[in-house]
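Asker: To start, I am sharing the structure in question, which I have written as structure tokens.
Taken together, the values in this text are just the output of simple stated rules run on the coordinates, not laboratory data. Note that the structure is predicted; figures quoted are calculated from it, not measured. Don't worry about glycine lacking a Cβ; one is built from the backbone with ideal geometry, like all the others, and counts go over all protein chains shown.
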Amino acid sequence: MNTANWLSGDSIRWLNAGGPLQEVVLSSRVRLARNLAGFPFLSRADEGQRRQIYRQMYERLTQLPIGADLAFVDINETPYLDRQLLVERHLISRQHAEGEGTRGVALSREETIALMINEEDHLRIQVMGCGLCLEELWQQIDQIDNQLHSVVDFAFNDQYGYLTACPTNVGTGIRVSVMLHLPALKLVGELEKVSRAAKDMHLAVRGLHGEGTEAIGDFYQVSNQITLGKSETEIISEFCSVMVPKIVEYEKLAREVLMRERPAAIEDKIWRAFGLLENARTISTEESLYLLSHLRMGIHLGRVANIPLNTINDLFIQTQPAHLQKLSGMIMDGEARSVARAELIRRRLNNNNN
């Protein structure tokens, strides 16, 4: 599968700006960790066993109805830049991209389904969608899991549930996460309070690319930390009815407070961001995400018109290093990427603002 084929002008399906609560919730993801019965965890598996696991998963997946919609990528044989492209599109983890030995990923054509083979576990199934859509994603991933159960024996214990490489995933093996845009909470100094409250509810708060990454541009991933003792539907229900709506409410209130008490300062921040993005000749990844974050807030506050939200969401991905180099068709150093990034942003904003 040629990763360059993903760089059409179309919006990224799971980042479309049309899902529920999309002014704050960019996207949702549900992931299941599974391991084949009869094989050791990958930390104890040799290369021969890794090849057997990969071959068995490939053969089983191609037998299933879902297999007709999947393309397989051999990560071990994939060039570095293409692996980084997959990371930037949230289709594989950094650990998977930078690992060694036989490993791969099966991807749906719409990029909303990814099955990582030989990452931390033998198999990690993930489905993604725009806005707060966890219940729909759970139905989808449950069907995929049921199909796999018909042809694969997974490691399972009657007392502990699904057995996983990391103890925190034992039980259901489910990880539920949402990507949130929280600029107002940061501006009013309430983000740390929200982070502490999230941890009290056994939630993990991470950066744009998940575990081990820092928050850039006011984007945060919030996910469950407990998979044992609760059913999948209970975890999903808590996220959809309590946890995420509460954070969204806090962010909306913070935006209202800012517009009521500091309107000139907020409008200045929004329009400065727009001015820099529309005119800059060189810009870093971090600065572009920071400025795009404020511009996105300005769109939702009704202060910026004629720029579709999808354009901003696409730029979050397309301005990252691997995407810029694939779009340009050449390897670039940091300085050249900064110039190309600024040019891309100017072109996209001006095309949509005419």
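Asker: What relative contact order, as a whole-number percentage, does region 263-353 give when Cα pairs under 8 Å and 6 or more residues apart are counted? Could the numbers behind the result be given before it?
Answerer: Details: 82 pairs, mean separation 36.3, N = 91.
Once normalised by length, the contact order is 40 percent.
Asker: Once the Cβ-Cβ distance between TYR80 and CYS166 is put in as r, and R0 is 30 Å, what FRET efficiency do you end up with, to the nearest 0.05?
Answerer: On the way: r = 26 Å, r/R0 = 0.88.
About 0.70, to the nearest 0.05.
Asker: Going by average Cβ density within 10 Å per residue, which order do the peptides 39-48, 292-301, 316-325, 247-256 take, highest to lowest? List each step's numbers first, then the result.
Answerer: Details: 39-48: 12.9, 292-301: 22.4, 316-325: 20.6, 247-256: 18.7.
Taking the mean over residues of other Cβ atoms within 10 Å, the ranking is 292-301, 316-325, 247-256, 39-48.
Asker: Something else: Write down the Kirkwood hydrodynamic radius of region 219-283, to one decimal in angstroms, obtained as one divided by the mean of 1/r over all alpha carbon pairs. Display every interim value, and only then the final one.
Answerer: Numbers: mean 1/r = 0.0655 Å⁻¹.
It is 15.3 Å.
Asker: Let me ask something else. Taking Cα pairs under 8 Å and at least six residues apart, what relative contact order does the chain come out at, in percent?
Answerer: Working: 580 pairs, mean separation 69.3, N = 354.
Result for the chain is 20 percent.
Asker: Which distance in nm do the two modelled labels at ARG109 and GLU256 give, with both placed 7 Å along the Cα-to-Cβ direction?
Answerer: 4.5 nm
Asker: Regarding region 1-155, what whole-number volume in Å³ per residue does the convex hull of its Cα atoms give? Write down the numbers at each step before the final one.
Answerer: Details: hull volume 17.2 nm³, N = 155.
Dividing the Cα hull volume of region 1-155 by its residues yields 111 Å³.
Asker: Here is a further query. Translational diffusion coefficient, Stokes-Einstein: compute it for region 159-289 using the Kirkwood radius over C-alpha pairs as Rh, at 25 °C and 0.890 mPa s, and state it as an integer in µm² s⁻¹. The partial results should precede the final answer.
Answerer: Values: Rh = 16.8 Å.
Once the numbers are plugged in, D ends up at 146 µm²/s.
Asker: Note down the net charge around LEU309, summing +1 for each Lys or Arg and -1 for each Asp or Glu among other residues with Cβ under 14 Å from its Cβ.
Answerer: Working: positive: ARG296, ARG303, ARG348; negative: GLU23, ASP314.
Here the count lands on +1.
Asker: Hey, can you list the DSSP H helices of the chain whose Cα span along the axis is 18 Å or longer and whose average Kyte-Doolittle score is at least -1.0? Before the final figure, lay out the partial values.
Answerer: Details: long enough: 47-63 (24 Å, -1.91); 134-149 (22 Å, -0.95); 244-261 (26 Å, -0.29); 263-279 (24 Å, -0.03); 285-300 (22 Å, -0.02); 334-353 (28 Å, -1.15).
Sorted by number, the helices that extend far enough and score high enough are 134-149, 244-261, 263-279, 285-300.
Asker: Then there is this: Return a single number: how many Lys pairs in the chain, at a sequence separation of 8 or more or on separate chains, have alpha-carbon atoms below 22 angstrom apart.
Answerer: 11
Asker: For region 104-162, what value does the Rg/Rh ratio take when both radii are computed over Cα atoms and Rh is the Kirkwood radius, given to two decimals? If you can, show how the numbers build up before the last one.
Answerer: Values: Rg = 12.7 Å, Rh = 12.8 Å.
Looking at region 104-162, the ratio lands at 0.99.
Asker: Could you state the principal axis extents of the C-alpha atoms in region 263-353, from the largest down, to the nearest angstrom?
Answerer: That works out to 43, 21, 17 Å along the principal axes.
Asker: Sticking to Cα atoms, compute the Rg of the chain to one decimal and its Dmax as the biggest Cα-Cα distance, whole number, in Å.
Answerer: Every Cα atom of the chain included, Rg and Dmax give 20.8, 64 Å.
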